[in-house]
Structure formats: structure tokens, C-alpha cells
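Working notes, beginning with the structure itself.
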Amino acid sequence: MRNSFWITAVILLTSASSIFAQNLLVNGNFEKGTNDQGEPVGWHSRITGVITLSEYKDPDKKKGLLYKHFRDGCGYDWGRIRPWPGLFCPQCGQMITTEESADWYVENYKRVSLGEGKTGQGVLLKMDTFVGENQGVRVCSDFMKAEKGAGYEIGVDIKGELSTQVFLECFQFMPEDKVASEWVSGLPEKVNPFKHTMKLKRTARLHIYPNVDGSKWTHYVDRDVMREEKQFDVMYVTLYGYGKAGEVSFDNAFVRKLTAAEVAAYKKENPVKEDRFRYYGTPKKSSRSGK
């Protein structure tokens, strides 16, 4: 019995070590402290959204569209090219995310800090009623490269009293746009630290909808395999709390590429019922034969 206990413990520890050895996230366990901006290393709490503004010949009746331009939460006008996720505002220094949210997140960083984790430190999101019932609070990871046809597992430990969601946000590089490429190549390095020279389009989003328990830490995990119609080249994780006043903590976040055997097992367990959801690399069924 005693030997059995130690064997089980070694297996569990080895499994956990294996996951973190393969972790694509920088500082998923939040043990590396904060950067010069007070954010957890490898994560971004200083974020902002973008709003689209249209200019018309007749602004009162909104007729005769002249052009569209894009402004982020601090009021900085990016001009006629919409900034894509991962660019940083030259004015406020905050990272653009996927949300068309105007100024909702300009003070998001004030509600994110390091706190007690499940093991060591974790990240703490804290909010009042107004913020909780409207935009909530989020923290986003650095970008990670994705491989075509790969499968990914995302996991995290959560404890808190708020509604939460965890996203693996997946983006595909758009066909080259010479105007946008020339524009972004002229931006300072601090505005484009991830060096993405083509526009990004979100094509997939892996969700975890946790049933949080304020009294204990709970581990959540999910996985998916890339689809033909939802390919992606880069990705990042969003940890999100919302719903009411209160707080929620996250720890031991990870993103892991599935092994070939795990991908095969996933496909077997999750057969595709509609051709539009077929896995990457799978030939399209012939409409003539009905196969």
C-alpha cells in the first residue's frame, strides 16, 4: 500500500512536470514576478480596444461615406488602417486586443495583481459592481506560434466567486496587404514587439467555462484540434472574470501541443459530422458522390 502511494505520487508529479516542461506559455505559473509596467511577466493587463469611426459627407444623416478610421481607448487615432491584436498604442502603451470596446479597458491594469496562488503566486483579478457587470477584467498572455494541423490543450487552476471564462484566442495571418505591411514596417519596435507584419484575423477560440468555487482551487482543462476552415498561425490566452463585484484568482495556466497519438485519439472520439468542420488536411467530401 505504501509503495503504491509513492508510485502514484511519482506518476502525478512526473505528469505535472511534463505538462509544464511543454508549456508554451511564458510564466504560466506567475512565479517570475512583474515587469517594469507592473504586469505579470509574459502577460498583459495594460490592454485597450478599438472603435471604428465613420466620416460622412452628410454626418447628420450619415450619408455619403468618405472613409473609416480607428481609435483606441485612450483616444489615439490610428488612421485608416485598423490596428490588429498585438500592436501597442504609441500614446498609452497598452496592447490592442480583439475587442471593439473603446475605452472600457483603459484602467484594466489597476484591477490585476499578483496574489496567493494554488502553488506559490497566482494572478488576481478584482472588480467592483460596475466593472463586473459591464466589461469585467482580463489578462492576456504573450503570443505563441501555432503549427498547422496541430491540437492544443489548455488548462488552469481557478479559485474565486466570479463568473469566469478562459480563452485560447487563435489568429490567422491575412493575405499580404502592401499598404498595411508598409504601414506596420514603419512603426517603432515598441509598437509591434511581436513583429507581426501582416493583419491578423481571429479564426478560432477554444473556450473553458469554469464552474468556480470560492472555497477551493479547481483545475480545468480542454483541448481541440485545428479545423480546415479555422486555421490559425498564432494564439494567446485570455483569463477573464466578470458578473459582479468580487475577485477571482488563476494559477498554473498552460498551453500544450498534443502528441500525434493524442490528436488521433481526439479525432476518433470527436468524428466530424459536417464537412465544414473537417480537420485540417482532411480532403473535402465530393458533392457529386455524396461521400
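One table, with the values for the structure above:
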quantity	calculated
Single residue of the stretch 37-58 satisfying the filter (modelled with pLDDT of 95 or more and charged (D, E, K, R)) that is least open to solvent (accessible area, probe 1.4 Å)	39
Residue that is modelled with the lowest pLDDT, among those in the stretch 3-23 that are open to solvent by 70 Å² or more (accessible area, probe 1.4 Å) and under 20 Å from the mean Cα position of the chain (by Cα)	20
First in the stretch 72-87 and touching a residue at least 40 places away in the same chain (Cβ under 8 Å), second anywhere and part of a loop (DSSP other than H, G, I, E, B) and of a type in the set (Ser, Thr, Tyr), Cβ under 7 Å, 6 or more apart	85/97; 85/98
Lone unmet requirement of (1) in contact with a Gly (Cβ under 8 Å, 6 or more places away or on another chain); (2) modelled with pLDDT of 95 or more; (3) within 18 Å of residue 90 (Cβ to Cβ) for residue 196	(2)
Subset of the stretch 59-93 (residues that are among the charged types (D, E, K, R) and open to solvent by 40 Å² or more (accessible area, probe 1.4 Å))	60, 61, 62, 63, 68, 71, 77, 80, 82
Pair list, Cβ < 6 Å and 6+ apart or interchain, from the stretch 148-177 residues that are closer than 12 Å to residue 254 by Cα to residues that are at pLDDT below 95 and not in a strand (DSSP E or B)	none
The stretch 140-178 - residue that is hydrophobic (A, V, I, L, M, F, W, C) and more than 16 Å from the chain's Cα centre (by Cα) and, of those, nearest to residue 224 (Cα to Cα)	150
Subset of the stretch 233-279 [of a type outside the set (D, E, K, R), open to solvent by 60 Å² or more (accessible area, probe 1.4 Å), in contact with a strand residue (DSSP E or B) (Cβ under 7 Å, 6 or more places away or on another chain) and at pLDDT 95 or above]	242
Only listed residue being touching a helix residue (DSSP H, G or I) at 6+ places or on another chain (Cβ under 9 Å) and of a type in the set (Ser, Thr, Tyr), chosen from 185, 163, 113, 141	163
Yes/no for residue 120 being open to solvent by less than 30 Å² (accessible area, probe 1.4 Å) and in contact (Cβ under 8 Å) with a residue 12 or more places away in the chain	no
Residue satisfying condition, being buried (at least 19 other Cβ atoms within 10 Å of the Cβ) and within 16 Å of the chain's Cα centre (by Cα), within set 137, 131, 106, 184	137
Neighbours by Cβ (under 7 Å, 6+ apart or cross-chain): first from the stretch 206-217, open to solvent by 50 Å² or more (accessible area, probe 1.4 Å); second aromatic (Phe, Trp, Tyr) and modelled with pLDDT of 90 or more	207/167
Verdict on residue 68 being farther than 27 Å from residue 235 by Cα and part of a loop (DSSP other than H, G, I, E, B)	no
Selection within the stretch 197-242 - charged (D, E, K, R) and within 16 Å of the chain's Cα centre (by Cα)	201, 202, 205, 222, 223, 224, 230, 233
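The values are calculated or read from the model by the stated rules, or taken from the named source; none is laboratory data. Being a predicted model, the structure only gives us computed values, none of them experimental. With ideal geometry, Cβ positions are generated from the backbone for all residues, glycine too; neighbour counts draw on all protein chains shown. Remember, those area values only see protein heavy atoms, side chains included, never the ligands or the DNA or RNA. Shrake-Rupley method; radii C 1.70, N 1.55, O 1.52, S 1.80 Å.
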